[in-house]
Amino acid sequence: MSRARVGGADVSTEHFIGGEHVGSGAVFTDLSPIDGSVLAEVARGGEREADLAVAAAAAAFPSWAALGPAGRAAHLHRLADLIDANLDRLAEVECLDMAMLLRSLKARVIARGARNFRAYADLAAAYEERAWSSNGTANRVLRMPSGPAVVITPWNAPFMLSTWKTAPALAAGCTVVLKPAEWSPLSCSLLADLVQEAGFPPGVFNVVQGIGEEVGAALVAHPGVRRISFTGSPETARHIGVAAARNIVPFTGELGGKGPLLVFADCDLEAAARKAAGQYDDAGQVCLAGTRLLVEEPVAEPFLELFHRFTDEHVLGDPRDDRTTVSPLIHPEHLSRVECFVERARANGDEVVRGGRRAAIGGLFYEPTLVVPRSNESEIVQREVFGPVLTFQTFAGEEEGVALANSTPYGLSGIVYTGSRERAERVGRAVRAGTVWVNTFLVRDLTAPFGGVGISGIGREGGDYALDFYSDLKTLQILEGSCR
């Protein structure tokens, strides 16, 4: 069995299929964003591994589904306990693999994985069938587990997002084939180890490593798959949607955002500016970030003064250092992508008023950047950069502010700062997004629906919405008085 030493952890570099570690003839190199060092040579799967994983998931499905919600919940709670017990090890590997701040991983992100499994185990066990009488029959709505599910996760916060998707699938009675992103694959290998330690039956949970265009494409096109859940780009989602449609397989996608951060003159301006500067956290590699700063004209200048002051407090550095607030970008290709966005903005006549270059400390760091666009149609306003790049625009009143907020093809999230309860309700309803926060950010209730509108996504995750997605709903009707 091939394994690598990553920090203080021993990590499998192979697939996990049918309860066993499985190698491939080919590998890909996984680099640390922190210093460019080689972390591991990881198995590079293809059609063969996709076939093996789906076959294993299909074979395990009947008995896993037959366990019922309570039987499955026992496994999920054991897994959650193991995640808590291995939090430091998971956090260290994920920090080295994708460079999220280590203190954030330990304090909230990895622990969220355990919360996901517990929450969905309990929600599934607590499901109450809808029951009613009509036309002389007794009616009930039943959830039937759908079958093998393919879960494809992104490179940012890979452990948490993998658990966010696999937990409801497993709780609903589906079996899972997880395909992690090739830029940060290792914490998902550790998740497979914990699944095995928790005593899950072989084939219930499988991990296939590899390149998206290779094994990912084979998985989503596989006729044995009954559900597909994806987080990534709209461009990739279009290909997945076509493959899912060919097999008539339900598909959910969370596809990024270009969130507005609306600041009204009646708000706590210091709190709004501090939160705006905080959008550079994790080097801006957060799909929910409020990357478009939209500020009401009377407070534009004092807001900018505060914003620059708070941004000056950021420290670029090693994510394992408690002083660091902005970490490196994930990969040289992504750094180049972010850099090219800003270069095109300059060429377009947009004004770069802060940053706009690679950081002097070298590596994969890019300076926190603020751009004042020449027009609302500028590419830098209309397309997701997914880096430490924000735009700044002003508006004359509420109507214009809402119009700007809704002026991109995205609609994942929005942030509103106001001191008026009436405006909070009015603007909160008017902003077209799957989630809108007022005077706060990134507060999540696991039972609430999560997803986007427009090109930010299709379908909803979270709570019963996710459990319904991984289920086929059945109406059972029995003629009243016909049975004893």
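The values are calculated or read from the model by the stated rules, or taken from the named source; none is laboratory data. All values reported here derive from a predicted model rather than from experimental measurement. Positions of Cβ are generated from backbone atoms using ideal geometry, with glycine treated the same way; all protein chains shown enter the neighbour counts. Quick note on the areas: whole protein, heavy atoms, side chains included, nothing else; ligands and nucleic acids left out. Shrake-Rupley method; radii C 1.70, N 1.55, O 1.52, S 1.80 Å.
Taking square-rooted eigenvalues a ≥ b ≥ c of the alpha carbon gyration tensor, is the chain rounded, prolate or oblate, where a/c under 1.5 means rounded and, failing that, a/b exceeding b/c means prolate? Mind showing how you got there, number by number?
Working: a/c = 2.00, a/b = 1.32, b/c = 1.52.
Because a/c hits 1.5 or more and a/b fails to exceed b/c, the chain counts as oblate.
State the antiparallel share, in %, of DSSP beta bridges confined to the chain, rounding to the nearest 5. The partial results should precede the final answer.
Details: 33 of 68 bridges.
Of those bridges, close to 50 percent are antiparallel.
Go ahead and collect, in residue order, the members of segment 13-48 whose backbone nitrogen is under 14 Å from a label point 7 Å along the Cα-Cβ direction of R5.
39-40
Checking the a/c ratio against 1.5 first, then a/b against b/c, what shape does the Cα gyration tensor give for segment 15-98? Show your work: numbers first, answer last.
On the way: a/c = 3.99, a/b = 1.31, b/c = 3.06.
It is oblate, given that a/c is not under 1.5 and a/b is not larger than b/c.
In segment 318-386, which GluC sites (Glu not before Pro) fall in coil by DSSP and have 15 or fewer other Cβ atoms within 10 Å?
Details: sites: E333, E339, E343, E351, E377, E379, E384; in loops: E377, E384.
Of the GluC sites (Glu not before Pro), the ones in loops of segment 318-386 whose Cβ has at most 15 other Cβ atoms within 10 Å are E377.
Just tell me which lysines come within less than 22 Å, Cα to Cα, of K165; anything on the same chain fewer than 8 places away is out.
Once the sequence-local lysines are set aside, what remains near K165 is K106, K179.
HN-Hα J couplings of segment 67-77 from phi, Karplus 6.51/-1.76/1.60, θ = phi - 60°, integer Hz, Gly and Pro as x?
Result, rounded to whole Hz: 4, x, x, 5, x, 5, 4, 4, 5, 5, 5.
Which aspartates and glutamates, on any chain, are close to K275 with Cα under 15 Å apart, when same-chain ones fewer than 8 places away are left out?
E305, D312, E313
I'd like the Karplus ³J(HN,Hα) series for segment 131-139: coefficients 6.51, -1.76, 1.60, θ = phi - 60°, whole numbers in Hz, and an x wherever there's a Gly or Pro.
Taking θ as phi minus 60°, the curve returns 9, 6, 10, 7, 6, x, 10, 8, 10 Hz for segment 131-139.
Amide H to amide H under 5 Å from V176: which residues, 5+ apart in sequence or cross-chain, H placed 1.01 Å off N in plane?
A149, F205, N206
Using unit Cβ charges (K, R positive; D, E negative) and no other charged atoms, how large, in debye to the nearest 20, is the dipole of the chain about its Cα centre? Can you show the working numbers first?
Numbers: 46 positive and 59 negative charges, 244 e Å.
Using Cβ point charges on Lys, Arg, Asp and Glu, the chain gives about 1180 debye.
Tabulate in residue order the Karplus-calculated ³J(HN,Hα) for segment 365-378, using 6.51 cos²θ - 1.76 cosθ + 1.60 with θ = phi - 60°, rounded to whole Hz; enter x for Gly and Pro.
8, 10, 5, x, 10, 10, 10, 9, x, 5, 8, 5, 8, 4
Whose amide H sits under 5 Å from the amide H of V22, counting only residues 5 or more places off or on another chain, with H placed in the peptide plane?
H15, F16, I17
If each residue of separation counts as 0.36 nm, what is the full-extension length gain between A107 and A360 once their alpha-carbon separation is subtracted? It would help to have the intermediate numbers written out before the result.
Values: separation 253, 0.36 × 253 = 91.08 nm, distance 2.96 nm.
Going from the current span to full extension adds 88.1 nm.
On the protein heavy atoms, probe 1.4 angstrom, tell me the percent of accessible surface of the chain carried by carbon and sulfur. Numbers along the way, then the final one.
On the way: 9830 of 18950 Å².
For the chain, the apolar C and S fraction of the accessible surface comes to 52 percent.
Using per-residue counts of other Cβ atoms within 10 Å, averaged over each peptide, order 82-94, 126-138 from highest down.
82-94, 126-138
Beyond 23 Å, what share of the Cα-Cα pairs of segment 324-417 is found? Please give it as a whole percent.
Working: 1286 of 4371 pairs.
Looking at segment 324-417, the distances longer than 23 Å represent 29 percent of pairs.
Starting from the Cα of K258, draw a straight line to each of the aspartates and glutamates and keep only those under 18 Å, dropping any in the same chain fewer than 8 residues away.
Here the aspartates and glutamates satisfying the reach criterion relative to K258 are E235, D281, D282, E339, D350, E377, E379, E384, E400.
Work out how much length N135 to R246 would gain on full extension: take 0.36 nm times their residue separation and subtract the Cα-Cα distance, in nm to one decimal.
Computed gain between N135 and R246 is 36.2 nm.
Measure nothing fancy, just the Cα-based angle from helix 110-125's long axis to the longest principal axis of the chain, in degrees from 0 to 90, nearest 10.
40 degrees
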